[in-house]
Structures are given as C-alpha cells and as structure tokens.
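Enquirer: Below is one structure. I have some questions about it.
The values are calculated or read from the model by the stated rules, or taken from the named source; none is laboratory data. Values in this document were obtained by computation on a predicted structure and should not be read as measured data. With ideal geometry, Cβ positions are generated from the backbone for all residues, glycine too; neighbour counts draw on all protein chains shown.
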Amino acid sequence: MQGKDKASFTQVTFTDILRARFKVILEAIAAFLNRMGLTPNTLTLTGVLGNVISAIFLAQGNFLVGGLIALLMGPLDAVDGTMARQRGEPSDFGAFIDSVSDRYSELILFGGLVLHYTVVNDHLMTCMVFAAAAGSVLVSYTRARAESLGFMIKVGLLTRVERFIVLVPSLIFNYARIGIWAVAILANVTALQRILAVRRMSRERGKVS
C-alpha cells in the first residue's frame, strides 16, 4: 500500500442501520419539505436554533421541556441531507456546514447542562458534562483527522446518533445523571477506539509501503 492510499477500518454502525430502515420515511419527509419550498440550509439553521431554545430550558433545570425540544430537533439532521440529494444540490460545502452545525448543536446542549449544574453547585456533574462534551467532539475530530491522513475509520460504541439516543431520553425521563455519565464514558471510549484503529492501520501501512 502506498502512503497516499486510503486504509479503511469500518463496521456497520447503529446509524447505518437506522438510515437503512427509515430511508423510505426520510425520503418522503424530505420530498414534502422540498415541495413546500424549504431549503436544506433552512432546516439546518432551524435545528441549531431549536437546540439553543432547548439549552435555555436545560440551563433552567427544565429537563423535560428541553429534552422534548431536542428530541424534535434530532430528525432534522437526517432530513436536510436527504433534501439536498433530492434537489440535486449535494456539495462539499453543504456537507461541511451540516457537520459543523451538528457539533454546534451538540455543544449548545451540553452548554445548557453545564450552566445548570454550575448554578446548583454540582461540581461533579459539571465535570461529567464537560467530559461528555469533550468526548463527543473527539469522536468527530479523530475521524476527521484520520481521514485527512488517508485513514477511513467508522468504528466505535457511541457515534452521534447513539449519543442522542442515550442523552435525550435520559433528560425527558428524569435520569439525566445516568445519561450524562454514559455519554462521558462511552464517547471517550469511542474516541480511544478510533485512535487505536488509526494506530493499527498506520503500522500496517508502514509494513507494506
């Protein structure tokens, strides 16, 4: 393998399974929104703003309302990309903005939680929310950095969809501490899995280059 070739270390993720199973529904929703004249960027911006509102409620300790709003915003992440494909407008910049907005949305929610636990002087949970946010960012960063070096990695316990499925219900059903702890631990484990995957592929590349 030459240094410029792309090495791959992937697995079928829960995200892949969900997209396959709900593809028909996503296509139908995207087609309906396109007929209404909405654009993918409008949907992306709506998702970010919706998560800002969710974070405000979370900061106030109203996890039920904040969680429900976050739940409503979640599917927008899948629909905007489908809308762009149907309109024949997928682009590198569109995909870039979509990914960046996802990171903003996630960090905004964690920001609301940090504010809440800071106000109530729960220092342990403040630290755990920070750990969850850091792990979530590192999951994305490790993949992006690996791809910039020619490694394709798609492995790990907790990608964005899984983090959403763990965190949001924990807010709605009032077991936020468990959800935050789970994301804090498993997101960082996922980042470590990706680091080890790149280490393995890097060594294999060195042996055959």
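Enquirer: Here are some residues: F32, F63, F9. Which one is surrounded by 15 or more Cβ atoms within 10 Å (Cβ to Cβ), aromatic (F, W, Y) and at pLDDT 80 or above? Outline the logic, then answer.
Expert: Details: F32 fails: surrounded by 15 or more Cβ atoms within 10 Å (Cβ to Cβ); F9 fails: at pLDDT 80 or above.
Matching residue, one of F32, F63, F9: F63.
Enquirer: If a residue has to be crowded, with 19+ Cβ neighbours inside 10 Å and not charged (D, E, K, R) to count, how many in the range 141-165 make the cut? If you could, list the steps in order and put the result at the bottom.
Expert: So the first thing to find is which residues in the range 141-165 are crowded, with 19+ Cβ neighbours inside 10 Å, and the list is 142-143, 146, 151, 153, 156, 158-160, 162-164.
Imposing the further condition that a residue be not charged (D, E, K, R) reduces the set to 142, 146, 151, 153, 156, 158-159, 164.
Here the count works out to 8.
Enquirer: Still on this structure: Which members of the range 24-81 meet the condition of being among the small types (G, A, S), under 20 Å from S99 (Cβ atoms) and assigned to a loop (DSSP other than H, G, I, E, B)?
Expert: Passing the criteria: only G74.
Enquirer: How about the range 163-199: which of its residues are within 14 Å of A70 (Cα to Cα) and in a helix (DSSP H, G or I)? Explain how you work it out, then say what you get.
Expert: Going through the range 163-199, the residues within 14 Å of A70 (Cα to Cα) turn out to be 163-173, 176.
Within the range 163-199, R163, F164, I165, V166, L167, V168, P169, S170, L171, I172, A176 qualify.
Enquirer: Would you check if there is a residue in the range 85-99 being surrounded by 20 or more Cβ atoms within 10 Å (Cβ to Cβ) and either β-branched (V, I, T) or part of a helix (DSSP H, G or I) (or both)?
Expert: If we filter the range 85-99 for residues that are surrounded by 20 or more Cβ atoms within 10 Å (Cβ to Cβ), which is where we start, we get none.
Taking every residue of the range 85-99 in turn, none turns out to be surrounded by 20 or more Cβ atoms within 10 Å (Cβ to Cβ) and either β-branched (V, I, T) or part of a helix (DSSP H, G or I) (or both).
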